[in-house]
1. Pick out the one residue from 156, 85, 78 that is in contact (Cβ under 8 Å) with a residue 24 or more places away in the chain and either under 16 Å from the mean Cα position of the chain (by Cα) or assigned to a loop (DSSP other than H, G, I, E, B) (or both).
2. Quick one: which helices (runs of 4 or more DSSP H) sit completely within segment 200-289 and have at least 3 residues that are surrounded by fewer than 15 Cβ atoms within 10 Å (Cβ to Cβ), at pLDDT 95 or above and on the phi < 0 side of the Ramachandran plot?
3. Return the residues of segment 9-29 that are surrounded by 19 or more Cβ atoms within 10 Å (Cβ to Cβ) and either without any contact (Cβ under 8 Å) to a residue 12 or more places away in the chain or touching a strand residue (DSSP E or B) at 6+ places or on another chain (Cβ under 7 Å) (or both); say none if nothing qualifies.
4. Can you report the number of residues in segment 29-55 which are under 16 Å from the mean Cα position of the chain (by Cα) and farther than 17 Å from residue 116 by Cβ?
5. Can you confirm whether segment 165-172 contains a residue that is at pLDDT below 95, over 14 Å from the mean Cα position of the chain (by Cα), outside the structural domain of residue 13 (by TED's automatic domain parsing) and more than 17 Å from residue 261 (Cβ to Cβ)?
6. Please state which one of 184, 196 is surrounded by fewer than 14 Cβ atoms within 10 Å (Cβ to Cβ) and farther than 19 Å from residue 247 by Cα.
7. State whether the residues of segment 94-101 include one that is surrounded by fewer than 23 Cβ atoms within 10 Å (Cβ to Cβ), at pLDDT below 95 and either in contact with a helix residue (DSSP H, G or I) (Cβ under 9 Å, 6 or more places away or on another chain) or not in a helix (DSSP H, G or I) (or both).
């Protein structure tokens, strides 16, 4: 069972042994929401299922709990707010069943984006109680560099499964909880956005620039080496321990703009042996849209 990262060679071994396996392509582009699916159709690992961030891995924008507008009842209330609200666990289980994913399968997730988007699916499967899910280290680029085959074929539909949710294996926190614990020792926020957005020098998406007071900044891209793969566990551990400066790793709550790019930091801490940690899925997009909450610009003192 692979539960954090999986190498190209390990994935090739699973495929050669015809293991109970499903591979997911999560490639996406925030500014061009259809681009990921187009890239998938151009080239993907044979047999991979495409997981669209907006439709499979998020609730509809504007559903109750996000911006206060109710949509169809069958959609159900989302599990978080923000720009990419988590769907309800029931809705996500229905999607997993629709693509044929079953509880006894190993999931492997990848993208072309430095594990930014596939990390979301990795975390969501853990949230559903599914332990056997791993990120392909280095993504599609590493797969192709190692001579792995890709295809542009249309994949056949899978038989419907009956994915059963279990107890969450990861922790989700909401805005109320984060706000109540600001400046307390039992919460350490880590913001995965680029430094310019964290400091409030630019803000292309949300109404207020800046960050949650007290949050530390570690851009998610810092988890990767020049080869596009996650840095060695010992190096990641040293970097996070330096960032935390004596704070307990168990107090960490990860956030970003909309709860997506925070996950590579969460995964990196787990690879480093510093997990498990929590995710604030609403992140800055929910925080900055909630009246009365404090914000800060510039660097932390």
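1. 85
2. 233-244
3. 11, 22, 23, 24, 25, 26
4. 1
5. no
6. 196
7. The answer is no; no qualifying residue exists.
Residue by residue, here is whether (1) assigned by TED's automatic domain parsing to the domain that holds residue 113; (2) touching a helix residue (DSSP H, G or I) at 6+ places or on another chain (Cβ under 6 Å); (3) farther than 19 Å from residue 119 by Cα holds:
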{"site": "138", "(1), (2), (3)": "yes, no, no"}
{"site": "150", "(1), (2), (3)": "no, no, yes"}
{"site": "182", "(1), (2), (3)": "no, no, yes"}
{"site": "191", "(1), (2), (3)": "no, yes, no"}
{"site": "204", "(1), (2), (3)": "no, no, yes"}
{"site": "213", "(1), (2), (3)": "no, no, yes"}
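The values are calculated or read from the model by the stated rules, or taken from the named source; none is laboratory data. No experiment lies behind these values; they were computed from the predicted model shown. All Cβ positions, even for glycine, are placed from backbone atoms using ideal geometry, and neighbour counts span all protein chains on display.
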